[in-house]
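The block underneath contains the structure these notes are about, expressed in structure tokens.
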């Protein structure tokens, strides 16, 4: 790991703390509660369990995606290479301090799927039913595909993941979704695809096929782990 990447996750947590007041103003109650839930999960991980810390960090990054594109923390998420490098020695301790700062006076629960505005927005995007996805995949859809559970309409697979005219899943989508841990946090992965990205110049889902595949992969890797 180079010096730029070393401690980058800790610096991100420091930036979150620096701008915690504007983060509270920018997020609605549900989004803020989700961020606190993800910070609390990170704070509860074992510092030596690198895989668990990485996954918890991914959850924190996903929870920050609703921030305005010009917010300093959101700009950092879309920013320089190496930024989202592996966690440092102070990552869990930093999350514990942040969780204390961000903690709401009432108990926080993970929002029910489809119950908040963000999840409602994602469910309004064009999608395939479970049966349609199975046909497109020639069998059970791979776990890398984003599957959003709608309490009214059942499982939904965002349509952008598939080639047009009845095509199969895009290979680049599967690669990006693996980086975004879509099988663990499909809502966060979907939010990344449908949210604006300053580095790419738009929402990744809208840029699929218009940008080189490796630019999309690189942007997802920046969020996931850095280089």
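The values are calculated or read from the model by the stated rules, or taken from the named source; none is laboratory data. In this text the structure is predicted, and so the values were computed from the model without any measurement. Counting neighbours? That spans all protein chains shown, and the Cβs are built from the backbone with ideal geometry, glycine included.
Of the conditions (1) under 18 Å from the mean Cα position of the chain (by Cα); (2) under 30 Å from residue 9 (Cβ atoms); (3) modelled with pLDDT of 75 or more, residue 120 satisfies every one except a single condition; which number is it?
(2)
Out of the stretch 44-57, which residues are surrounded by fewer than 19 Cβ atoms within 10 Å (Cβ to Cβ) and either more than 16 Å from the chain's Cα centre (by Cα) or not in a helix (DSSP H, G or I) (or both)?
Scanning the stretch 44-57 gives 44, 46, 47, 48, 49, 50, 51.
For the stretch 193-204, what are the residues that are under 14 Å from the mean Cα position of the chain (by Cα) and in contact (Cβ under 8 Å) with a residue 40 or more places away in the chain?
Hits for the stretch 193-204 are 193, 194, 195, 196, 197.
Which ones in the stretch 148-162 are surrounded by fewer than 19 Cβ atoms within 10 Å (Cβ to Cβ), touching a helix residue (DSSP H, G or I) at 6+ places or on another chain (Cβ under 7 Å) and modelled with pLDDT of 90 or more? Please lay out each step first, then the result.
So the first thing to find is which residues in the stretch 148-162 are surrounded by fewer than 19 Cβ atoms within 10 Å (Cβ to Cβ), and the list is 149-155, 159.
Now restrict to residues that are touching a helix residue (DSSP H, G or I) at 6+ places or on another chain (Cβ under 7 Å): 150, 154-155.
The answer is 155, and nothing else.
Please determine whether any residue of the stretch 117-135 is touching a residue at least 40 places away in the same chain (Cβ under 8 Å), surrounded by 14 or more Cβ atoms within 10 Å (Cβ to Cβ) and outside any helix (DSSP H, G or I).
So the first thing to find is which residues in the stretch 117-135 are touching a residue at least 40 places away in the same chain (Cβ under 8 Å), and the list is 117-119, 121-122, 125.
Checking which are surrounded by 14 or more Cβ atoms within 10 Å (Cβ to Cβ) leaves us with 118-119, 121-122, 125.
Subsequent filtering for residues that are outside any helix (DSSP H, G or I) retains 125.
Checked the stretch 117-135: at least one residue is touching a residue at least 40 places away in the same chain (Cβ under 8 Å), surrounded by 14 or more Cβ atoms within 10 Å (Cβ to Cβ) and outside any helix (DSSP H, G or I).
For the stretch 207-227, which residues satisfy the criterion of being in a helix (DSSP H, G or I), in contact (Cβ under 8 Å) with a residue 24 or more places away in the chain and within 17 Å of residue 160 (Cβ to Cβ)?
Once the filter is applied, which keeps residues that are in a helix (DSSP H, G or I), in contact (Cβ under 8 Å) with a residue 24 or more places away in the chain and within 17 Å of residue 160 (Cβ to Cβ), the stretch 207-227 yields 213, 216, 217, 219, 220.
Could you identify the single residue in 199, 193 that is within 29 Å of residue 50 (Cβ to Cβ), in a helix (DSSP H, G or I) and touching a helix residue (DSSP H, G or I) at 6+ places or on another chain (Cβ under 7 Å)?
Numbers: 199 fails: in a helix (DSSP H, G or I).
Checking each option against the conditions leaves just 193.
Any idea which of 72, 68, 105, 86 is surrounded by fewer than 22 Cβ atoms within 10 Å (Cβ to Cβ), closer than 21 Å to residue 188 by Cα and modelled with pLDDT under 80? Walk me through how you get there before you give the answer.
Working: 72 fails: modelled with pLDDT under 80; 68 fails: modelled with pLDDT under 80; 105 fails: closer than 21 Å to residue 188 by Cα.
Residue meeting the stated conditions: 86.
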